[in-house]
Structures are given as structure tokens and as C-alpha cells.
Amino acid sequence: MDVLQAGVGEFSVTDPDELRAFMRTEKQREMVNKVMPEAEAVRRYVKDGDYVSFDFSSFTRGPASLIREIIRQRRTHLWFAAKFTLMETTLLAAGGCLRGVDVGFLGLGRLISKFVEEGRIKVTEWTNGTLALRHLAGAMGVPFLPTRSLLATDTLTYSGAKVVQDPFAGKPIALVPAVNPDVGLVHVQQCDIYGNARCFGPGVSPLETAMASKRTIISTEEIIPIDDIRKAPSKTTIPYYLVDAVVHAPYGCLPGGTQGLYEMDAAHFLEFMSASRDEQAMAAYLDKYIYSVASHEEFLEKRIGPARLLALKRQAVIKEGYQ
Amino acid sequence: MDVLQAGVGEFSVTDPDELRAFMRTEKQREMVNKVMPEAEAVRRYVKDGDYVSFDFSSFTRGPASLIREIIRQRRTHLWFAAKFTLMETTLLAAGGCLRGVDVGFLGLGRLISKFVEEGRIKVTEWTNGTLALRHLAGAMGVPFLPTRSLLATDTLTYSGAKVVQDPFAGKPIALVPAVNPDVGLVHVQQCDIYGNARCFGPGVSPLETAMASKRTIISTEEIIPIDDIRKAPSKTTIPYYLVDAVVHAPYGCLPGGTQGLYEMDAAHFLEFMSASRDEQAMAAYLDKYIYSVASHEEFLEKRIGPARLLALKRQAVIKEGYQ
Amino acid sequence: MNGTAFTEAEFMICQCARLIRDGALVFIGYGMPQIAAILAQRLHAPGMVQVYEFGAVGALPETPFVRFTMGGPRNCYRSVAWTSMNTIFAQAQLGLIDMGVLGATQIDRFGNINSTIVGRDYHRPEKRFPGSGGANEVLSQCWQTVVIVKHERRRFVEKVDFVTSPGFLDGTPGARERAGLPKDTGPWRVATSKALYGFDDRTRQMILLGVLQGLSVDDTLKEMGFTPLIASTLEELAPPTAEELRILREEIDPDRAIIGGAGD
Amino acid sequence: MNGTAFTEAEFMICQCARLIRDGALVFIGYGMPQIAAILAQRLHAPGMVQVYEFGAVGALPETPFVRFTMGGPRNCYRSVAWTSMNTIFAQAQLGLIDMGVLGATQIDRFGNINSTIVGRDYHRPEKRFPGSGGANEVLSQCWQTVVIVKHERRRFVEKVDFVTSPGFLDGTPGARERAGLPKDTGPWRVATSKALYGFDDRTRQMILLGVLQGLSVDDTLKEMGFTPLIASTLEELAPPTAEELRILREEIDPDRAIIGGAGD
């Protein structure tokens, strides 16, 4: 396949057959109870140096409690797929967890930019759409997918895409390599103990993320009986055999919101935005919300409190479509 | 792009930019009432020589009344995507409508095989999965998608796929060309007058079919208010701007079933199977169920009758998940 | 038909069902494989997960089985997920589907399957058949594929007239991998109305593993168009048990549309 | 701030809103484009269809607008469909999305957009910005893209430091098509806090189409890093109307988080 242009960004591809061999032996086909505390899920399935991906966003249905646990356990040298991220990259970088980022959208706030400017965090350029497409390729078990985006830009130059001539229509087209994250993190509204998970509302790519990832950790607002799952199979976003751990995490998206259940905490985001201007302020933020609490439960209890939880729940007046 | 092998089957690709130009000018963005009789929908949007695709199957949620109307209007030289077909190819071929078939699954019964053996119907070989993938490519606006199926078979030799060396992982991989049907036919449980359509239950590729097709005709069991659509946007399988015509066709899948509403008519299928053994019997079948009735309503009234309709409705006792 | 008699279809279905592992994700073809899967689910493999090409996963089908049913509510009853064809074939391509169960018009020494044409000239076939359906994907992508086929000489041929779905191709080591097919996949067992076959690890040739109780090796070989390898220890294949037959005849297919024997 | 005064953000938003056609499918970026879309929807374009990169289509957002909201229930309220990112970008690639509305850090003479770095050395940037987000897709795939940008000299540069999203590239005829980008696409309008620009059909250079009422051409040119073409007939751009300001200030953004002016 003649390559007309090849991006120089850092990336790696998983050989499709190695991926298949992993899926064959490591993904449990039996329906077994996968519910475990967040600490255990992260200890088991997130290793130093892993490529980590998440869904959906910092503001909406993002696995914030799992991200905090990764930081709490002080993982290092992670590479993060920032396909719709606003705060996670800053938190992970400030926590010393991050080696690099696939951008997407790098994140909000000065600090993450500063990390990149100083060369402390590596970056490979992509776009939100091509990162989602790379997850789709990973989910399909193919090494690449074609797109007419990226072409003729420096984004492509500093990506890992290749431009080839389409052998059917004859025009140049970009191929983006599959990504198969070591760990995918997805927060959902409902999940059974086996991992059959339901997301309500729009999302970036929960199914693609779970399929593409070698390990998938689900955090869920609610654990429901499998009988409910079997009564409405179209509502299953992610089937159980893609899932390695189920973490019961009510309010797990905070400071983001979960559609139909609670609104995002805009005041907290302002606090984060303010802290994201310099390292010391962010260190204090991390200490307050992550290191000084032992778990998500303690975070809710000591740092958020029942009054705020109820207020955010009350604000979630729009229920239509989220069930 | 070095092509290691190229199938010799007949197929054509739509230039992605010509497709875009069509989508720009021909797909109506305004929400306008698209409800029309089946005769008008077929007259307007199905032309001699068209490539026609449908979803889902002959037995379940298939657009049978639209297929019958195409035969009734005596379209000719059609090419049909038999991605999950059992009776449609026989009916269309016996009705003189068909020039060729993308297989998929050619169909049940001796007659369609005989047509192919005698060279009266052309065939290009694919598989159910690669036909669905070709629709996905068409839906994505890319000229091809890669797959590890098809390789090393005569199916590939007589398809339109090409084998190339993957520029990322280095292994041979098949590329299947996009298909952009001239007309896509999808039967659904519910649709509003603008074309926002809901399929309940599993299906082959209703969204891919509607996206890939230049014209999409929806036939629907029920017409619902747009207000219902806006209350549960996740239930929308196909958004209105992909749709050109909405045909109100209760029992439109007969002799197939529609999940949650009525069971397939097994007795009718046995009658079809019996007729599908020779041309004269099939001619009589076509006359009885298509040519001698003016419309789907007349088909229901004169050839099925209220007792059978009610019986098939009563048999549909499983409702779980179909709403 | 007395209590111990059984049809060829019943034996094929029981053989096939016995090969289905508990806890496996299994891609189910149309017809006999559906019956075999339900039977396995009701006996030794309650945790096997049925996977259909139109996207249903984990169904617990309602019985009696209604002829033709595949995408309908009875066959898809109580699934864990309803996806789509592209999603489910993607999962097969990812290596998530353990087994596939398929029929065939012809099969050859190396397990290549033909369901397209009989005849030497593709453009003027003696007989045309429906083609791949989803069989090519299943045999390309699932880890182990079980082929269920009636034991007839015309079906077991030295070389299939048309390779619809890939077996071990020409049998040379690594032939599938060289072509780009997923590693370590291919046909695993061939369950017929008389015998059970596997494929030799080294030569990739079909190997006779067992013969139905009461039949001789010659009874099977004489109805084949080629001579397979023969395992050093041959299994005696048990006929359908009373329990298997009860479930088939009373629960799954009382009309005997698939299992046959209605006329006896 | 008196009744006729307005902020730069308010003017940019109103300009942008006026460019949104009724009945168009419009890809909406984060922040100001969201406000502009709601404003257009409430005034001249009730039938415009909002499209978001996470897959929501046809929302009628609840107001007041909550800062940061994008994928949340208020912004996605009463959509006609909730799809996914891959599906919605596929629809853009198919040619179904008429317009896109985007912000930019830098824009150059040929409408190339930079939202990645400022500085000559990619590996040692002076300033790092968030990168493409979905902007590259929007500018590559939508038929017409509106860029909404504050009128500052540092933002209007002869050549962007980094092409995040493709404008007319080097301006040569057919440059986008030669690269494989979809035909007849590209930046269409640039709406700033002082002026409105388009792109010359032949030279693909940015062309000044209009200036905010009360400002001169020089007022705009002196705050640009290059000199654009100037249309033979210049439009006088009306300031925000009382009705536009009422909707912005009372219905959409009473906290003035986006439209500004809270401190006045």
C-alpha cells in the first residue's frame, strides 16, 4: 500500500492477532459477579504505563471517581485518550500519572498547556472525531479505518495517520490506526453485577470504548437485576463479556453530572478552573479532593456533603429520555 | 495502494463527492410531512435500474408491502442487496424486476437458483457481514472499509473486494467498497410524519441502510407525534433528514412478522416455499398476492382477511423490549 | 419409530449440541444449529451464550421452536443485548466469539466449505445454492467452528467446487495466516449423521474421530468422496439419549419440522 | 451599560446567529456558537437543527443556558435523535451537515485555523492550546463553516503557526480537493467583534464584507496581521437589536457568563 504521507506522532498499534489472543483468554465468558470496590478495580486493571481511555466527558457521565482513584493510587507513565476531556488531563498530569496525551481536546486551564510547553507531557495530535474513529477501528478488530478528515493539516503531520490513494475511487484518503486501550473507563446509569451496562442519553462512544479496550471498568450509579436487562435488551449499551469490573459509584461523575439523575456542579468547576492556573493551587486541589480522602464514599461524605448532593439531584429536573 | 488481489465481480462505487453533492441538494433539511401512499413513494423514488437495499429480513420487520408495490409497478433491471433475504429475490426475479443480486444469501427455494443457473439473473458474491459492512462504508461516506473476512476464498474472487497490505500491521487485509443504494427500504414499528423512525428489537442495519441510501422509504406500523420522538431521542433509529417518504403500512411485513405486534405467517411461508419451486406456480402466487390487488390495503382485505390478522396479532405474546 | 429409534437429524443435532461448551459465546447458524444450541442450553451448557448474526446475544429462546424463526421474538427472547450485524461481526473479528455452528453444501479434506455452486464453471453452475450468508464470517473469525452436515458422498469431496468459506485452504502450514485470516481459527469439528471428524494439527487434513455406535469405519468411509485420516483411538458415538430425545421432541420441536420423523 | 450599548461578545454572537440559515443542519462548537445557535433558533431560524459532536441532533435547549453545558440534559433537551460521535461525524462526511460554527485561536489569509500552538517550533511551543477538538472534522466536512473570533491582531496572521483545521490551504485552485478533502467545502464567513469576512471565490483570500456600524475599514485593518481583500460594496453591520439583546440577556444568559458585561 503506497503511503503518500505519514504522520510523525508517537503511537503504537496492537497486532490484531495479539489482541484476539488476549480477548480469547482474558475476557470472561461466564456470567460472574464482577462488583468490586474502586480501589480493587484500579489495583487489578490499571498498570503503570497503560493507555487509558474514558467516556463520555468531564461534564457529563464521565468516570470521575475512577480517575480520582487512579491518581490516589499514584499510577505513572499513563497515556490518556483525550477524546472529549476538559479536566482529566490536568488532574492526571498534576498527580504525576501522565506521560502523554492523544489530543483530541487537551483540556481546560493553563496548567495542562504549561505541562506540554515544558515538555513534561508528550502529545500526539488527533481530533475528537479521529480519536473516536480509532476506537471504532479498535472495536472492529481492524488495524485502521479511513477518513476524509485530517488531510492537509499539521494535525495530520503530528498524528500517526497515513495518507494513501483509495484503490476504489482514486482520491487521497487518510487512514487512522486502531487504538486498543489497556483500560477503558465508562460510567453508566445502570449495570447488573455481571457488567451488562446501560447508558442513557447521548455519549461519545461508550460501546466502541468498551469493545476496543483490553480491560473495561464500569462505574455505575445503580446496580440492577439481570432480569431487568433481559426484559429490555435494546437498552444494553455494553454487554457483560466486555466488562472486567463493576464499581458501584453513585454520584461517580461529580463534579460532572449524570443525565436524569443529578446536574453537574458548576461551582466546583469554577473552583477547578481557578486551581488549574498553577501547580500549587492544583496540588492543593488534589490534596483536598483526592489524597486526603480514602475513597469515593469519603469524598462524597467529607468534601461534598448531603446538602449539595441533594441540591444537584433536585436540579436534574429533565428526566425525559433518560430511562 | 498496492492491490494484492482484486475480485472480478460486477459492482460500482459512487464517488464520495458526487454522493455528498446529492445529499446536499436532495435531502430535505426542513421538517415536512412525507407521508404518502406506497404507490406514490415507489413511483417517485424507485426507478428502473436502481440498486435497492432493504432491512431487516423476510421473516422479521421486512418491508414486504413495498417490495410488492415495486413488483406491482413492474420496475425492471433492479440490482438487489440480498444481505438477509429469503423470499424477496425470488419475488422480484419472478416479477421480471431483477437484473442482479449482491449475495449475501441468495434466497430460499429452487426458483431463484434456477434463474442464476440459467444466467437470467447476475450475481456478485459477498457475505451477509461484508454487505452490512459495505452499507456501513456507504453510511460513513468513505469509499471502503477493511475486514479480515472474505480472504482466501472464491467468494472474494467473485466479489468486488480488493486485498491490500495493511500499512500499519503489515498483514494482508480485504477492503470492501462502499455501497450507496439508490433506494433503501426500511420497515419500522413507529415513525412520525417527518420520518423520525423507531425500530424495536434486533435488526441487521437499519441506520446504515438509511444513511447509505440516496433515497430512503420508510414503511411504518404506526404514525406517532413528533412530541413522542422528542421525549425519547435515544429511541430514534433513523432521523428524519435521511428519509424521503413515509408510508403508513400496518401489517406491512406480512407474511413476515413485526416484533411485538404480530407474528410471521408460517402457513403463508409454506405456500410461498411451495410456489418457489417453479415459475408457473410463482406466477400464480404473484398474481394472487400482488397483481390482482391494487394496494397493501386490498392485499390485507382480500387475501389475508381480518381473522388471520387477528390471529397473528394474538400470537405475538412477547412484548418485552419492543417499545 | 420406537423409543430408541432416532432420525439422522436428531443424531446430528445431538452430536452438535454435545460439542457446545458451557460458558462459550457461540455463533448460531440458521436451522439445525438453532435446535442444537437450545438443546445444549437445556442440558449441559446452561451458560452458553447464543449469538446471532443480526445482533441478538444471550437469548433464552422460547419453545416450542417455530419453524423459520430467527430474528423473531421467540428466538430472541430474554437476550442480554440486541445489537446489529456490524457490531456482532466486529465482536467476532475481535476474537470474542468462541465457537460457530454452520451447515454446508460441500466440505473438502481441508475443511473448506462450499455453499455457493456445484459445477466447475462458476458462470454456468450446475447447481446454484444460497451462498455464504454469514458463514464466511463465522469460519473466518470464530475461534472454533463446528460444521453440521448430512453424511452423503456428494457432500464430502476431495476439493470443493467453490470455496465459499475458508477451511485450511491447501493444508500447507500457516496457509490461513498467510492469507491474512485470524490466527488459530478454522474448522474444528464436523458432525455428521454417522460420524465425527476433526482436523489433524500438522497436516490439517480431516480426521475421523468417532463413529456412531453400531456403524463401522467402512460404513462412513464408503460415503465419502475422499479418505480422511483415522484417529488411532476411535470414539464410539452414543446415539441420542432418552433425555435428549425427550427435550427435542416434547419441548423444542414437537411438530418435527427440523428433527424429522413426523411420518414414522 | 445603557440600553444601546453591547459587549464585543454580544455583537459576535448576534453576527454569527444572523448567518445561521433557517432549516439548516448546523454543527455547533462549544461556548459562543451554542449561544448563537439558540439565539438564531428563537429569532429567524426556528427550523435550524442543532448538531453536536457527541451525537445530539435537533435539540431545543432549555434556557437560561448553564455555563459548561454541552452534553447535559438542558442543552440536549427535546432532541429528535441522540446518536454517537462516530455516527454524527459520518453524517457530516456524507454531506448532510450544512454549516459548522467554530472558534479559533489564529486564522490566516486563506482561512486556515490554528487552535493548537503558537510558536515556530512544534516541539517547543510558546503557547499550547487545546488542539482540534472536533474543529478539524467540522472544517473538513461541513459545507460551510462560520468562524467566530475576537478581532485581535494576534489572531489574524498572514500564516498560522500550525494548521489545526484546513482552510483553503495555500489558496491555489483546488488545493483542498487535491488533498482529498470533500469538494466545495471550507470556511465561509469569519464573524468578529468588528467585522465580517468571506473568502474570494477565485483567489480564496479573506475578503472584508462588512464593518460594524460606526467603525471604519481602517479600524478593522489596523488590528489584523495581514491585509485582506475588500469587497467593492461594504455592508454596514447593524449592532445587536433590542430584541436580540433581550433574548440574550433575559432568556439565554442572564448571568452573562458568555455574553459578558456583568461587571458594567
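Where a number appears in this text, it was derived from the coordinates with a stated rule and is not lab data. As the structure is a computational prediction, the values presented were derived from the model and not from experiment. Note: ideal-geometry Cβ built from the backbone for every residue, glycine included; neighbour counts use all protein chains shown.
In table form, for the structure just shown:
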quantity	calculated
For chain A: relative contact order, % (alpha-carbon pairs under 8 angstrom, 6 or more apart)	22
A:LEU136, A:LEU310 arranged by Cβ crowding within 10 Å, fewest neighbours leading	A:LEU310, A:LEU136
Prolate/oblate/rounded call for region B:66-202, Cα gyration tensor, a/c under 1.5 rounded	oblate
About the Cα centre, charge dipole magnitude for the protein assembly as shown (Lys/Arg +1, Asp/Glu -1 at Cβ), debye	80
Under the Karplus curve 6.51 cos²θ - 1.76 cosθ + 1.60, θ = phi - 60°, whole-Hz ³J(HN,Hα) for region B:80-97, x wherever Gly or Pro sits	10, 8, 8, 7, 6, 10, 10, 10, 4, 4, 5, 4, 5, 5, 5, x, x, 8
Low-density loop cleavage sites - GluC sites (Glu not before Pro) in region D:146-219, where at most 16 other Cβ are within 10 Å (DSSP)	D:GLU152, D:GLU158
Sorted peptide list for A:69-78, D:52-61, criterion being average Cβ within 10 angstrom, highest first	D:52-61, A:69-78
Sorted by Cβ density within 10 Å, fewest first, the residues A:LYS231, D:LYS222, B:LYS34	D:LYS222, A:LYS231, B:LYS34
3J(HN,Hα) from dihedral phi, region D:195-200, Karplus parametrisation 6.51/-1.76/1.60, rounded to Hz, x for glycine, proline	8, 10, 10, x, 10, 5
Of B:GLY170, B:GLY109, B:GLY201, the one that fluctuates the most in a GNM where chain B has Cα springs shorter than 10 Å	B:GLY170
Sequence-distant residues sharing a close amide H with B:LEU4 (under 5 Å, placed H)	B:VAL163, B:VAL164, B:GLN165
Dipole moment magnitude, nearest 20 debye, chain B about Cα centre, only Lys, Arg, Asp, Glu C-beta charged	260
Contact order relative to length of chain C, as percent, for alpha carbon pairs under 8 angstrom and 6 or more apart	20
Mean separation of Cα contacts under 8 Å, 6 or more apart, over the residue count of region A:48-179: relative contact order %	18
Helix-only CD estimate at 222 nm, as mean residue ellipticity for the protein assembly as shown, using -39500 (n - 2.57) per DSSP H run (n ≥ 4)	-7000 deg cm²/dmol
Amide hydrogen neighbours beyond the local backbone of C:VAL80, cut-off 5 Å, H modeled	C:VAL57, C:GLY58, C:ALA59
Over 26 Å (Cα to Cα) - which of B:LYS162/C:LYS183; B:LYS302/C:LYS127; C:LYS127/C:LYS159 fall in this group	B:LYS302/C:LYS127
Amide H partners (placed H, <5 Å) of A:PHE54, local residues excluded	A:ALA81, A:LYS83, A:LEU185
Leading residue at positive end of dipole, region A:3-315 (Cβ point charges), from A:LEU111, A:PHE80, A:ALA266	A:ALA266
Charge tally in the Cβ shell below 12 Å around D:LYS222, where Lys, Arg are +1 and Asp, Glu are -1, D:LYS222 excluded	-2
Where only alpha carbons of chain D are counted, the Rg and the Dmax (Å)	17.7, 52
Pair D:ARG67, A:ARG120: separation of 7 Å Cα→Cβ label points (nm)	2.6
Cβ-based net charge around D:ARG155, under 11 Å, with every Lys or Arg adding one and every Asp or Glu removing one	0
Loop trypsin sites (Lys or Arg not before Pro), region C:116-189, which have at most 12 other Cβ atoms in a 10 Å radius of their Cβ (DSSP)	C:ARG120, C:ARG153, C:ARG154
Cβ-placed point charges (K, R +1; D, E -1), dipole of chain C about Cα centre in debye, nearest 20	540
Environment charge at B:GLN315 (Cβ cut-off 11 Å; Lys +1, Arg +1, Asp -1, Glu -1)	+2
Exposure proxy ranking, count of Cβ atoms within 10 Å, fewest first, for C:SER84, A:SER276, B:SER292, D:SER79	B:SER292, C:SER84, A:SER276, D:SER79
